[in-house]
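Everything below concerns the one structure shown next.
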Amino acid sequence: MELHELTAHEASDLLSRGEITSVELTRAVLARIEQVDGAIKAYLSLLAEEALAQASAADEKRRQKGDGLSPLLGVPIAIKDLICVSGAPTTCGSRILENFYSPYEAAVIEKLRAAGLVITGKTNTDEFAMGSSTENSGYFTTHNPWDLERVPGGSSGGSAAAVAASMVPLALGSDTGGSVRQPAALCGIVGVKPSYGRVSRYGLVAYASSLDQIGTFGRDVTDAAMLLTVIAGYDRRDSTSVDAHVPDYTAAFRPDLRGLRVGVPAEYWAEGVQSEVEDAVRAAIDQLADLGADVREVSLPHTDYALPTYYLLAPAECSANLARYDGIRYGLSTPEAPDIWEVYRQTRERGFGPEVKRRIMLGTFALSTGYYDAYYLKAQKVRTLIKQDFDRAFEDVDVIVGPTSPTTAFRIGEKVDDPLQMYLSDIYTLSCNLAGLCGLSQPCGYADGLPIGLQIQGPAFEEEKILRVAYAYEQATDWHKRRPTIAGDA
Ligand code: GLN
């Protein structure tokens, strides 16, 4: 096996036994990026020199054999370009931040640095995380490693594709309505969206603040769980961060699921779910029962309202959050404009892409006098009903399972002219964010060579449960071991 193919926990074992160094591993990963990223286009910016310097610092730290070394010391990672890394470009996939270098570090980056992970670069995203395919990136579209003509999902498509193509073992993304889980599903890897408040949002550029959460990617459950253990925890700089104990998320892993109740929502098999996806997910649910889980049907009656609710609330919040890009303080500006209003207007006209403009208009409309009660306020009330559905379901079951995405990866260009079709890609993932829950996606099959994702959702702050289910399923199956063959691979 080549070094770039190692999972993070495999690399961690070899590093701790002194069989490889972080510099060797980082070189291998950078060479892999060089080999395949021309075809995949996962990275917006590479931080090769900085990465090698961090790798040799990690090797030095291991040589000194200090106490309390993180198991991920010296392991490479990629960062979605919506997360601030001090001194590095942070474009958010937007032309409006083309030349913006973050002057400060996100809380999660501080944690990665304290643990000694090696930051390889910033990955592509739909502009300000608005999208499901990376086609809304202001720079370029990332290609799915399983089929270069298809999208990797989004918005964290660059991170998911980089991990799936073995360019890096770990990555961070953000998930406002599915942007970690859906690309994980479409790329055949594991993606975890933690509960709202579990991971600090300090330094995550805001899209919809009441829904945004940073999540982890890995090629198996152990990797995604180990990374979550590093980044989770209270931070006073994020006012919605919750001061709750952070367990070692791998500690709860068991080979079986005895005593665990798994709920399957009747509403999750609506029209529009691809038949191969339904078959694979139903087979996975049977497998959970074989592992000892008590599988029951549950009902989430307001499921149909998740999409309209999300597409009122997320744009409303984004229209406020994106007001700061006015050509005065950050990034792009149009100083030739004759007055301040023209600076604002021309900067935003030139800097934002069409989807961002659509969302700002939708959100401004939903918040405007005369429409606020009918749209924004109503959506907030429905959000409560959606949350209550889950509260009730979780009285009967420990976790809820179903498909992550209704389809496998779609073709580049297929949905760009039909925003509603694009929005429907997140139909199964949106309610988790609206309700503040945790959720993950893991591979559970393939259709025509394209990965299918199983979604596991759990109550807020019960990441251990969903990870435990995912781990047991993974132990019993081989889906996570398949890797795509990319141009140039032997
Ligand atoms: N695709 C959804 C949207 O466009 C979710 C994006 C996300 O989770 N960041 O808003």
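Would you mention how many residues in segment 360-380 are surrounded by 15 or more Cβ atoms within 10 Å (Cβ to Cβ), among the aliphatic types (A, V, I, L, M) and within 23 Å of residue 345 (Cβ to Cβ)?
4
Can you tell me which residues in segment 288-332 are closer than 30 Å to residue 103 by Cβ and in a loop (DSSP other than H, G, I, E, B)?
325, 326, 327, 328, 329, 330, 331, 332
Filter segment 153-187 down to residues that are more than 9 Å from the chain's Cα centre (by Cα) and on the phi > 0 side of the Ramachandran plot and give me whichever is farthest from the ligand (Cβ to nearest atom).
166
Residues are listed down the side, and each one gets a yes or a no for (1) buried (at least 24 other Cβ atoms within 10 Å of the Cβ); (2) assigned to a strand (DSSP E or B); (3) within 16 Å of the ligand (Cβ to nearest atom); (4) not acidic (Asp, Glu):
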site: 416; (1), (2), (3), (4): no, no, yes, yes
site: 420; (1), (2), (3), (4): no, no, yes, yes
site: 428; (1), (2), (3), (4): yes, no, yes, yes
site: 436; (1), (2), (3), (4): no, no, yes, yes
site: 445; (1), (2), (3), (4): no, yes, no, yes
site: 472; (1), (2), (3), (4): no, no, no, yes
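For segment 42-99, which residues satisfy the criterion of being touching a residue at least 60 places away in the same chain (Cβ under 8 Å), over 30 Å from residue 347 (Cβ atoms), touching a Gly at 6+ places or on another chain (Cβ under 7 Å) and assigned to a helix (DSSP H, G or I)?
55, 58
Might you check whether a residue that is among the hydroxyl-bearing types (Ser, Thr, Tyr), more than 15 Å from the ligand (Cβ to nearest atom) and either under 30 Å from residue 70 (Cβ atoms) or in contact with a Phe, Trp or Tyr (Cβ under 8 Å, 6 or more places away or on another chain) (or both) occurs anywhere in segment 118-127?
yes
Mind listing just one residue for me: the one in segment 244-263 that is surrounded by 19 or more Cβ atoms within 10 Å (Cβ to Cβ) and among the β-branched types (Val, Ile, Thr) and, of those, farthest from residue 446 (Cα to Cα)?
250
Filter segment 130-182 down to residues that are among the hydrophobic types (A, V, I, L, M, F, W, C) and surrounded by fewer than 24 Cβ atoms within 10 Å (Cβ to Cβ) and give me whichever is nearest to residue 199 (Cα to Cα).
Result: 140.
Just to be sure I understand the filter: pairs with C-beta atoms under 9 Å, separated by 6 or more residues or on different chains, first member in segment 141-160 and among the charged types (D, E, K, R), second member buried (at least 24 other Cβ atoms within 10 Å of the Cβ) and not in a loop (DSSP other than H, G, I, E, B). Which pairs pass?
Close Cβ pairs (under 9 Å, with a partner that is buried (at least 24 other Cβ atoms within 10 Å of the Cβ) and not in a loop (DSSP other than H, G, I, E, B)) amount to 150/144; 150/186.
Results for (1) away from the ligand (no atom under 16 Å from the Cβ); (2) touching a Phe, Trp or Tyr at 6+ places or on another chain (Cβ under 7 Å); (3) closer than 30 Å to residue 380 by Cβ, shown as yes or no for each residue.
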site: 189; (1), (2), (3): yes, yes, no
site: 197; (1), (2), (3): yes, no, yes
site: 217; (1), (2), (3): no, no, no
site: 224; (1), (2), (3): yes, yes, no
site: 228; (1), (2), (3): yes, yes, yes
site: 237; (1), (2), (3): yes, yes, yes
site: 248; (1), (2), (3): yes, no, no
site: 251; (1), (2), (3): yes, no, no
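Scan segment 166-182 and give yes if some residue there is polar (S, T, N, Q) and assigned to a strand (DSSP E or B), otherwise no.
Yes.
For (1) at pLDDT 95 or above; (2) assigned to a loop (DSSP other than H, G, I, E, B); (3) closer than 29 Å to residue 240 by Cβ, each residue gets a yes or a no:
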| residue | (1), (2), (3) |
| --- | --- |
| 110 | yes, no, yes |
| 128 | yes, no, yes |
| 132 | yes, yes, yes |
| 135 | yes, yes, no |
| 161 | yes, no, no |
| 184 | yes, no, yes |
| 192 | yes, no, yes |
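The values are calculated or read from the model by the stated rules, or taken from the named source; none is laboratory data. For clarity, every value in this text was computed on a predicted model and none was experimentally measured. Because the Cβ atoms are built from the backbone with ideal geometry, glycine has one as well, and the counts that use them run over all protein chains shown.
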